[in-house]
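Notes for the one structure printed next.
The values are calculated or read from the model by the stated rules, or taken from the named source; none is laboratory data. These numbers were taken from a predicted model, which means no experiment stands behind them. Glycine also receives a Cβ, built like all others from the backbone with ideal geometry; neighbour counts cover every protein chain displayed. All accessible areas refer to the heavy atoms of the entire protein, side chains included, with ligands and DNA or RNA removed. Shrake-Rupley method; radii C 1.70, N 1.55, O 1.52, S 1.80 Å.
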Amino acid sequence: MSIQLRKLLLILSLFAFPFAPALADEYSDTTKVFRDAGQSAKLFGKSYGYAVFPTIGKGGIGIGAAHGTGRVYEKGAYVGDTSMTQVSIGLQLGGQAYSQIIFFENKAAFDQFTSGNFEFGAQASAVAITAGASAQAGTGGTSAGASGNQSHADTAGGYQNGMAVFTVAKGGLMYEASIGGQKFSYTKKK
């Protein structure tokens, strides 16, 4: 990674910090938002596991970047940490912070994500849980989601290729939460 790109990522991550919540247990609070949100709530009981990201900061001026850290849960138990990075090039301006959850339908999908380095392809996007939002879901299929606001969220969507991805916008000026090109690392809990 070039020095200029690293500087841009650092600047963009600092831009996202004002959106970060000052919560005692941001993982529990973020999980609660998704548990209260329609289709994503139903997946907690059906999924093998999930990864939750309380805050992902995203910003760009021509070149964009996103970064966030999260936790991975297997059958409801915290088993490791994950981080996500994304770099994009194109017409873009602004910044955004959002929460994200990735559900794993079965052990195979969980193992694929926790194998070390996992990446969503460029065609992947998430169901956005925001007022009037509509988006593609998962890693290959399409679906839609809509709701009133973060505290009264409702969604529609399901698994695609063993994973289902949902986002909740927290603030900012970018109103899109594409997950295409996101790269994840995983570290098992010690």
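Apply the Karplus parameterisation 6.51 cos²θ - 1.76 cosθ + 1.60, with θ equal to phi minus 60°, to every residue of segment 27-41 and state each ³J(HN,Hα) to the nearest whole Hz, in sequence, with x for glycine and proline.
Couplings: 5, 5, 5, 5, 4, 4, 4, 6, 5, 8, 10, x, 4, 4, 4 Hz.
Hey, which lysines would be in cross-link range of LYS75, C-alpha to C-alpha under 16 Å, not counting anything within fewer than 8 residues on its own chain?
The qualifying lysines are LYS42, LYS46, LYS107, LYS188, LYS189.
Amide H neighbours of ARG71 under 5 Å, counting only residues 5+ apart in sequence or on other chains, H built in-plane at 1.01 Å?
Counting only residues 5 or more places away or on other chains, the set is VAL52, THR82.
For segment 47-77, list residues with backbone N below 20 Å from a point placed 7 Å from the Cα of LYS190 toward its Cβ?
Hits in segment 47-77 for LYS190 at 20 Å: 69-73.
Report GLU74's accessible area, 1.4 Å probe, all protein chains in place, as a number in Å² to the nearest 10.
About 50 Å², rounded to the nearest 10.
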